[in-house]
Each structure stands twice: as C-alpha cells, then as structure tokens.
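The values are calculated or read from the model by the stated rules, or taken from the named source; none is laboratory data. All values reported here derive from a predicted model rather than from experimental measurement. Because the Cβ atoms are built from the backbone with ideal geometry, glycine has one as well, and the counts that use them run over all protein chains shown. These area figures cover heavy atoms from the full protein model, side chains too; ligands, DNA and RNA do not enter into them. Shrake-Rupley method; radii C 1.70, N 1.55, O 1.52, S 1.80 Å.
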Amino acid sequence: MKDWRWALVGLVCFALVLKIGAVERGRGQPTERISGSAGDVLEDDPVGRLKVFVYELPSKYNKKILQKDPRCLTHMFAAEIFMHRFLLSSPVRTLNPEEADWFYTPVYTTCDLTPNGLPLPFKSPRMMRSAIQLISSNWPYWNRTEGADHFFIVPHDFGACFHYLEEKAIERGILTLLQRATLVQTFGQRNHVCLKDGSITIPPYAPPQKMEAHLIPPHIPRSIFVYFRGLFYDVGNDPEGGYYARGARAAVWENFKDNPLFDISTEHPTTYYEDMQRAIFCLCPLGWAPWSPRLVEAVIFGCIPVIIADDIVLPFADAIPWEDIGVFVDEKDVPNLDTILTSIPPEVILRKQRLLANPSMKQAMLFPQPAQSGDAFHQILNGLARKLPHDQSVYLKAGEKVLNWTAGPVGDLKPW
C-alpha cells in the first residue's frame, strides 16, 4: 500500500512539474518588480545619501590576518573583507571625518580558521575591544556617541555574540562595547539576544564567479521537485542527536529519504549548482545557525527557497518581500513538508519564480568583485542611509559614559 501511495504522489508531482516547466520553460518568463516594507528600494543609489569615514587601523587587525590565511577570501564569512575593500574605493567614502555620517572600523574577526576552514571566534572579542580602544584613544568620534554612529561587520554564526554554539552565544551576549553600534551581520533571529534592534541582516558570502560558471542553458526545464544536499546529523558535535538544527534536518531525512518527490542526500555532487537550477524548491533549513549560503544559491539559481528556521530574519528584509519569494515552514511542521509543497497552486509557484527572476533580486544577494550597482554592498549602504539622520539623543554630553568597559567574561578583558 505504501508503494502505491508513493507512486500516486509521484504521478501528481510529475504532472505539477510538467505544468510548471511548460509555462516556465527555462526561466525566460517575465519578471516582477520587488517592493519590500521600505518600498521599491533595491535599485536605489546610496551615493549622495551618506558619507562614511574608514578608520585606518594597523594591518594586524585586517590585512596581515588575511595574508596568514588566504582561505578567508572564499569562505561564507568573507563579507567583512570585501566590504572593507569596497569602502576604500567607494564614492561614499570621505577622508574628512567631520563630515561623516557613519564611521567604519575594519576588523577581520572571522579570519582565524581551523584546518577544516571553520572560523574560531575565541580571540574575536579581544580583537574587537582592542580596535575600539584604539579608535577611541586616537580619534574623538567614538567618544561623542560611544559607537552609535559607527557600524561593524560581524558575520560570525551568531554575530557579535562571538561563539558558534547557540547556548554559549546566548550566555555571552553581544559584546558590551558594541551595544550602541549598528551591527551588519548574517545572523538574524527575532527575539534573540544576538540580534539587537537596528542591526542590518545581510546574505553570507557566496562566490559570484563560481556560480556564474555553472549556469545552464535557460531552456532546460525544472524536473526536480525538492532538492537538498547537506548534513542531516552532525555526529561529531551532536552525538546524541536532536540539538543540531533543532532536529529539523533529521526530520527531513527520516520522513522523506524514500520519498520520490525529494532529491535529498549528504552527497555533494559536482553538479550541485546545475541541480539547483533543475529544481522547483530548494530546502534552506537551519544548521547550527539559522542562516546558510543555500539561501543565496537558491535565489541566484531561481529555485524557490523553502526556509525552515523559526523566527529567522532574512537579508535586507525591509527591501525584499521574502514571504512572496520563498516558502516558510515551521520546524514542527517538517513532517508535513510534502503535503505543504504539493498544495501550493502552480500560479503561486510561477509568481515566486517571476520575482526570483528579477535581476535586482539576484544582484542584492552578491558581493561581486568589482562591485556593481544594486549589489549587497550597495544594499548595506542603502540600509545605513535609511537610518539617517541620527537622532540627537545618540550624542552624549561632555563626560557622559553609557558603556561599561569592564563588563563581560574575564577572558575578553585580556590584551590582544
């Protein structure tokens, strides 16, 4: 009976794929303009709307760290490096700090990698404290607001909480000295101690040239219904199971490993990018953190992202209507994923694909070299520009102090 059920479901799916593929036939369909809660702003030009002063720090905070390990240029946390390079030659940069709207401190806090290429965050708090002590001692601008007109790129798993395990990140909280600054970070989850009000959530870095090299001809239809490649269990770090991805990935595997609608595996084939372009839905479940590069890859390849991460805050959420583009599935509803996805009307799927086909949507997810109009660099600047002018309340009175420089774990207070 079970085999007959799967066969019937497979036929329904096949008919749906054919119907969508016949209309979509290769992604040549019209696009739709994208408008988020901030309006139709993806194509805004930030030039002339803000000026940014870039602190010149000793190279030990950035360039020398990168020289020691060039792998930092290709991992998913590389936005901190490329944003620094972009700002150095950006027309929004000002060399006169007196006319600056924002101040940027280039610190590469994720460029301390394990042999496996994963960032170790343990030195990051001391490194960040050291940089802030330096700018507050050598320039007067930090002390005027204690960082309220400064922004920092913190692309760690849990942002400025500087730990890769959520319970440890929550225990640490956001580094005290960054409490008033604007944080530009990949981590985003509502009602979480590691995301403070006013933060700008950005996409993780995914190599644009590498993805472009794997584009397939536009006439090839989407013949895969649901696609996913990645871990379902992390035995090394979560031997008992249930903690990694809050059990959501395990639920995907246990419920759908034999389902013909689901092309899922731990194998990472050389055709990974091509396969995503042949799929209608791409699963984007949480892992240790709620975000991953799969979201970027899905958008670039026009595969509708199925976002399984409760309370996630997605990149540039005030500019991109993610509810219209993706499918959100609560973690508790993963066992019903097949029913949820097969119940979506073809016309709804087609509209999501038209939105995904908008070039401005794809551009906003990328950090290309060199920068291009409307890319993620420009979206960050647009987000900062929308915060201007600063409220007068952020400027402190003479001698006024708000931040506690001695707060936090004892280990963070050691010199870097």
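Observations
- Of all residues in segment 50-80, those being more than 25 Å from Leu388 (Cα to Cα) and either outside any loop (DSSP other than H, G, I, E, B) or open to solvent by 90 Å² or more (accessible area, probe 1.4 Å) (or both) number 14.
- Every pair of residues 6+ apart whose Cβ atoms lie under 8 Å, when the first sits in segment 313-324 and is over 14 Å from Val41 (Cα atoms) while the second is of a type outside the set (A, V, I, L, M, F, W, C) and open to solvent by 30 Å² or more (accessible area, probe 1.4 Å): Val313/Arg190; Asp324/Arg351
- Whichever residue in segment 296-323 is touching a Lys or Arg at 6+ places or on another chain (Cβ under 7 Å) and open to solvent by 20 Å² or more (accessible area, probe 1.4 Å) and, among such residues, is nearest to Arg249 (Cα to Cα): Asp311
- Filtered by the rule that a residue be of a type in the set (Phe, Trp, Tyr) and either under 26 Å from Lys397 (Cα atoms) or surrounded by 21 or more Cβ atoms within 10 Å (Cβ to Cβ) (or both), segment 91-146 gives Trp102, Phe103, Tyr104, Tyr108, Trp139, Tyr141, Trp142.
- Scan segment 31-60 for residues that are at pLDDT below 95 and of a type in the set (Phe, Trp, Tyr) and the total you get is 0.
- Pairs where the first residue, in segment 363-378, is free of Cβ contacts under 8 Å to residues at least 24 places away in the same chain and the second is among the polar types (S, T, N, Q), C-beta under 6 Å, 6+ apart: Asp375/Gln363
- Checked against (1) open to solvent by 10 Å² or more (accessible area, probe 1.4 Å); (2) charged (D, E, K, R); (3) out of contact with any Leu (no Cβ under 7 Å at 6 or more places or on another chain), Asp149 passes all but a single condition, namely (1).
- Annotation: of all residues in segment 284-312 being out of contact with any Leu (no Cβ under 9 Å at 6 or more places or on another chain) and of a type in the set (A, V, I, L, M), the one that is nearest to Ser223 (Cα to Cα) is Leu286.
- Matching residues in segment 209-235 - criterion: being without any contact (Cβ under 8 Å) to a residue 12 or more places away in the chain, of a type in the set (A, V, I, L, M, F, W, C) and open to solvent by 90 Å² or more (accessible area, probe 1.4 Å): Val235
- Checklist (1) touching a Phe, Trp or Tyr at 6+ places or on another chain (Cβ under 6 Å); (2) at pLDDT below 95 applied to Ala371, failing item: (2)
- The set of residues in segment 387-415 that are under 29 Å from the mean Cα position of the chain (by Cα) and open to solvent by 90 Å² or more (accessible area, probe 1.4 Å) comprises Pro389, Asp391.
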